[in-house]
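Novice: First the structure, then my questions, so here it is.
The values are calculated or read from the model by the stated rules, or taken from the named source; none is laboratory data. As the structure is a prediction and not an experimental result, all values here were calculated from the model. Note: ideal-geometry Cβ built from the backbone for every residue, glycine included; neighbour counts use all protein chains shown.
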Amino acid sequence: MKEQTGDTQERRASSNQLIQEMLTERNQLLSLLLQVSVEGSENGCVKSVADLEEFNQVLVDYIAAGHFGLYQRIAEGNERRKAVIELAAQIYPRIEQTTEIALAFDEKYNPENNENELHNFEEDLSMLGEELTTRIELEDQLINLLLTPRPKI
């Protein structure tokens, strides 16, 4: 029984680390989102290409932290709590939609793609912000459930 408890503690520690990494990326992303939205664009040009480039990189890192960290861990069967598995299955399709929108934004506005057309930048950034809000709300449901201790029997 002690070995099982050790395995459980190890899995929980791994989950907690993944959650902390994801939350760190999220906080950085939200800060940069605010910065880029305040800067906006002017005459079809982003005022700070460096800030947009950093924003896009953190956006992709944040999406990857969730996808290749937390969600992959659950998908691979490393989570045993039924409530967590059920919630993840319920919310993942909507989170996947936010992933697609975020990656499309990165592809469209990544300065490395040499795209100079920014006609819809502010609208696209606003839509991305709404999608990220949805994603965060769903992720928080999952995170709260993951961090809730299992009742002792």
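Novice: I want to confirm something. Restricting to region 96-125 and keeping residues that are at pLDDT 95 or above and in contact with a Ser or Thr (Cβ under 9 Å, 6 or more places away or on another chain), which single residue is nearest to PHE55 (Cα to Cα)?
Specialist: Applying the filter and picking the extreme gives THR98.
Novice: Can you find, within region 44-61, the residue that is surrounded by the most Cβ atoms within 10 Å (Cβ to Cβ) among those that are hydrophobic (A, V, I, L, M, F, W, C) and at pLDDT 90 or above?
Specialist: The extreme case among them is PHE55.
Novice: Identify the single condition in (1) surrounded by 12 or more Cβ atoms within 10 Å (Cβ to Cβ); (2) among the aliphatic types (A, V, I, L, M); (3) at pLDDT 85 or above that ALA89 does not satisfy, given that it satisfies every other one.
Specialist: Here ALA89 clears every test but (1).
Novice: Being crowded, with 18+ Cβ neighbours inside 10 Å and more than 24 Å from LEU18 (Cβ to Cβ) is true for just one of TYR71, TYR109. Which residue is that?
Specialist: When all the criteria are applied, what remains is TYR109.
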